[in-house]
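Reading through the C-alpha cells given below for one structure.
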Amino acid sequence: MRILLVDDDAFSRKLMGFYLKPMGIEVELVSSGEECLTSVAVQAPDLILMDCQMPGMDGFETTRRLRAEHYAGVILALTGNSDEDTLRNCSESGMNGHMSKPVDAGVLRARIAAALPHLQVEAPPPLEAPPAEDPLARARKIADAARNPAILGRLVGSFLKSADETVGMLETALQSQDGSAVAAAAHRLRGSSGSFGATALSEAAGKLEDALQSQNLNECAPLIAGVKELWPPLREHLVKNSGGTEP
C-alpha cells in the first residue's frame, strides 16, 4: 500500500509523515506537481494527498493532468481555503474530496481508512487544537503519542527552518513590492504555522493573505507589520522551551 503526499512546504511534509507513519503504509513525499507526475508515472500510488496551492503547477492542474493520463486512484485535496470556488475547483479537476489545513491526525487517518476500506486501520482520536498561548502544545502531543521525546525537537527544528525561509521570502517580496509574492509567502506561513500549532501567527498570516485579494501592499501595511512583529518572539519562545533547538 502506497500513499503519495504532494506539498511544497517542507514542514507540512514532515508533520504529515509523522501522522501517517503509524499506519504502516509506504509514504512518498514530494514537493511539487511536476515531481508528483514523475513519481506516478514510475509507480502509481493507491492514494494521493494533494496540496492545492503550490508554485508552478498547482494541485488542480496536477490533478487534471493525472486524470488525463488515466490515473484512477483516490486524490484528496489539502487546502487552507474551503470557500465555494476552491471546493468547486477540487471537484472539477477530478479530486475525490478535500481536507482543510491544518489537518488533524485522527481526521487524516480516518479519511484514508474510508478511502481505502481494505486497510484495517483504527483511527486514533483527533489531537485537540492547542491553546493559542502554547504554540508547542501540538508538537508535545505528537511526541507523547509516539512515546519519543526527540520528535519534539525535530518538529520544532523543521518548523523553524520553514518559517525562517518563509519570513525571508516575505521580506524579499516586500523589498521588490511584489504583492503576489507577499500573498504566496503569507499563504505558506498561514499553513505551516497552523499545522504546527502557532495559532496567532497563522491567523495573522491568513488575514494578510485574505486582505491582499482586494487591497494593495500599502493598504495592508498594518497587517504586514503584525506578521513581522509576531515571528521573532515566537521563534525565541520555541527555541527556549524545546531544549534550544535550532534548524
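In whole percent, what relative contact order does the chain give with Cα contacts below 8 Å and a gap of six or more residues?
15
For the chain, what are the per-bin percents of Cα-Cα distances with bins 10 Å wide, up to the bin holding the maximum?
Calculated P(r), rounded to whole percents: 7, 31, 35, 22, 5, 0.
From the backbone phi of the range 82-99, what are the Karplus-calculated ³J(HN,Hα) couplings (6.51 cos²θ - 1.76 cosθ + 1.60, θ = phi - 60°) in whole Hz, Gly and Pro given as x?
10, 6, 4, 4, 5, 5, 5, 4, 4, 5, 5, 7, x, 6, 8, x, 8, 10
Please list the non-local residues whose amide H lies under 5 Å from the amide H of ALA77, H modeled 1.01 Å from N, same-chain partners needing a gap of 5 or more.
MET50, ASN96, GLY97, HIS98, MET99
Ranked highest first by average number of other Cβ atoms within 10 Å, how do 36-49, 197-210 line up?
197-210, 36-49
Could you pull out which residues in the range 39-59 have an amide N less than 16 Å from a spot 7 Å beyond the Cα of ARG2, following the Cα-Cβ vector?
It comes to 39-49, nothing else.
Hey, what do the phi angles of the range 100-113 turn into as Karplus ³J(HN,Hα) couplings, whole Hz, using 6.51/-1.76/1.60 and θ = phi - 60°, x for Gly and Pro?
Values per residue, Gly and Pro as x: 7, 7, x, 7, 7, 4, x, 5, 4, 5, 5, 5, 5, 4 Hz.
Go ahead and run the numbers for FRET between ALA181 and ALA10, Cβ-Cβ distance against an R0 of 22 Å, rounding to 0.05.
On the way: r = 19 Å, r/R0 = 0.84.
With R0 = 22 Å, the Cβ-Cβ based efficiency is 0.75.
How far apart, in nm, are two points set 7 Å out from the Cα along the Cα-to-Cβ line at GLU69 and at ARG88?
2.9
If you put +1 on each Lys and Arg Cβ and -1 on each Asp and Glu Cβ, how big is the dipole of the chain around its Cα centre, in Debye rounded to 20?
760
Please give the contour-minus-distance gain from VAL239 to ASN218: 0.36 nm per residue of separation, less the Cα-Cα distance, rounded to one decimal in nm.
That works out to 4.3 nm of additional length.
By a straight-distance test (C-alpha under 17 Å), which lysines pair with LYS14 as possible cross-link partners, with residues fewer than eight away in the same chain excluded?
Cα-Cα hits under 17 Å: LYS101, LYS141, LYS161.
Every read-out reported here was derived from the displayed coordinates using simple, explicitly stated rules and does not represent laboratory data. Predicted model only: the values in this text are computed from it and were never measured. Note that we place each Cβ from the backbone using ideal geometry, even for glycine, and neighbour counts take in every protein chain shown.
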